[in-house]
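Read the figures in this text as sums done on the coordinates, not as results from a lab. Note that the coordinates shown come from a computational prediction; the quantities given were computed from them, not determined experimentally. Ideal geometry is used to build each Cβ from the backbone, glycine not excepted, and the neighbour counts take in all protein chains shown.
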Amino acid sequence: MVRSLVPRTLRARLTCGLVVLLALSCAAVGIAAVVGLRGFLTERLDQQVVQAGSHFPASLEHTHGARGEPDADNKYADTRRQAPGTFGARLLNGKVTDAAVVRAGSDTSVRLSPADRAAIAAVPVDGHCHGLDLSALGDYRVQATAGDDGDVLLTGLSMRSVEDAAERLVVVEAVVFGCALVAAGAAGAFWVRWSLRPLRRVAATAAAVTELPLDSGEVVLPDRVPDTDPRTEVGQVGAALNRMLGHVEGALTKRHASEERLRRFAADASHELRTPVAAIRGHAELALRHPDPVPPGVTRALDRIAAESTRMGGMVDDLLLLARLDAGRPLAREQVDLTRLVLDAVDDARAAGPGHRWSLDLPAEPVVVTGDGARLHQIAANLLANARAHTPAGTRVTVRLRQTARATTLAVSDDGPGIPEALRESVFDRFTRAPHPRSGHGAGLGLSIVSAVAAAHGGSAGVTSVPGRTTFTVTLPGGR
């Protein structure tokens, strides 16, 4: 809960820090002002106590006062020229004999508790003013002086006026400082927000870079940060970010140029290889058809030449297809009956792998999508060929086809040993092969073609694998 109250953004932290520092400064000023005012007023009150002298407590020992009328206690006090609230007490032999307080021009006896009497008796007779807390009257500033009859006369004035002034100052300070903090907080938030505009531009530039697809293709980085004043911290960050973006852009440009050269080389080499490979295959087939007797060893060699040239021709065709897809050449756009396509692909796989158990899970209605029929058939054929090549005989392979309002999904599952964890992340990369495939043939291009064709149709390819359950899923956009 406490952590959630801590400001997270730099702007909020700076604003809160400014307000807290100002609040501490206001508190320090307020405390100093209250303490100073209290000390000043207390000093003035002490002067008044000294000026009052001991006339009032001295009058408490007389049986006849100035007015000549006895009070309730048969005593007469001299209350002339005494301020209301003036306290007087007479002590004899360390004991309080009389105590009164002036109220509206007359004195009133004060009933003192034992603690009050002990506190009065403890006031030193040194001519200085001291503080005294009376339970019946409150805080007083008192002065004790020696009387003419061997007694001690104590005069005091109430601290109520000092306390009222201090409390009034506290209220005024609270209102003024509170308004000042609110105004300073609003102004500080505006100032911090305005001051951090260059930093927001740096963050916006960095965020724009993070949203760019930097993994492949030509990349155009956003405009550089305009704030590059080296005299400011934000300017130094902006300049460093601009230099980093320049290095990144240069590296991406070189990488793209290298990829383009490699792509052109693969396309050109594949195109140039098609003719000699076809010629080799043709000559091998022609030699096998020769009417004259051919030694068995030569016949076997010619068979191997024909087979390998056929496999090499398939690899060349795959490389050409990947080169065309990388170049962004558009595919055919036509209505394709994906159900019929899957049925044909499974029939071909069943003929090529009779030792596997092939099953279908198709919807009742035909699944029709828009795309390139030949390439979509290649997706299904490659997935089935991959399942046949990397699982042992007796493995069940299930082809599932589903279509929703938004997408069409083709899934090929098997209950084979699964894909090693080290290969799962790169299974769709080119020339990726299992360490010990059941078949020694293949260049590791089948699944990369599946991924590239799916991407060319605006879809995606994925895989999940655990021992006993491996599923390749191709998702195409567009549904029924």
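Among the candidates Ala144, Ala184, Ala136, Ala180, single out the residue that is farther than 22 Å from Val29 by Cα, hydrophobic (A, V, I, L, M, F, W, C) and out of contact with any Gly (no Cβ under 9 Å at 6 or more places or on another chain).
None of the other options fit; the residue is Ala136.
Is it true that some residue in region 98-105 is touching a strand residue (DSSP E or B) at 6+ places or on another chain (Cβ under 7 Å) and part of a loop (DSSP other than H, G, I, E, B)?
So far as region 98-105 goes, no, none of its residues is touching a strand residue (DSSP E or B) at 6+ places or on another chain (Cβ under 7 Å) and part of a loop (DSSP other than H, G, I, E, B).
Cβ-Cβ below 8 Å, separation at least six or inter-chain, first residue in region 342-371 and more than 16 Å from Thr398 (Cα to Cα), second among the aliphatic types (A, V, I, L, M) and part of a strand (DSSP E or B): which pairs?
As it stands, the answer is Val367/Leu401; Val368/Val336; Val369/Val336; Val369/Leu476; Thr370/Val336; Gly371/Val336; Gly371/Leu476, since those pairs meet every condition given.
It is to be established whether one or more residues within region 154-162 are within 30 Å of Gln47 (Cβ to Cβ) and surrounded by fewer than 17 Cβ atoms within 10 Å (Cβ to Cβ).
Checked against the condition, which is being within 30 Å of Gln47 (Cβ to Cβ) and surrounded by fewer than 17 Cβ atoms within 10 Å (Cβ to Cβ), region 154-162 yields at least one hit.
Looking at region 232-255, I want the residues that are under 13 Å from Pro198 (Cβ atoms) and have a partner that is of a type in the set (Lys, Arg) with Cβ atoms under 7 Å, at least 6 apart or on another chain. Which pairs are those?
Every condition considered, the pairs that remain are Asn242/Arg224.
Is at least one residue of region 401-410 within 23 Å of Arg430 (Cα to Cα), assigned to a strand (DSSP E or B) and among the hydrophobic types (A, V, I, L, M, F, W, C)?
Among the residues of region 401-410, at least one is within 23 Å of Arg430 (Cα to Cα), assigned to a strand (DSSP E or B) and among the hydrophobic types (A, V, I, L, M, F, W, C), which makes the answer yes.
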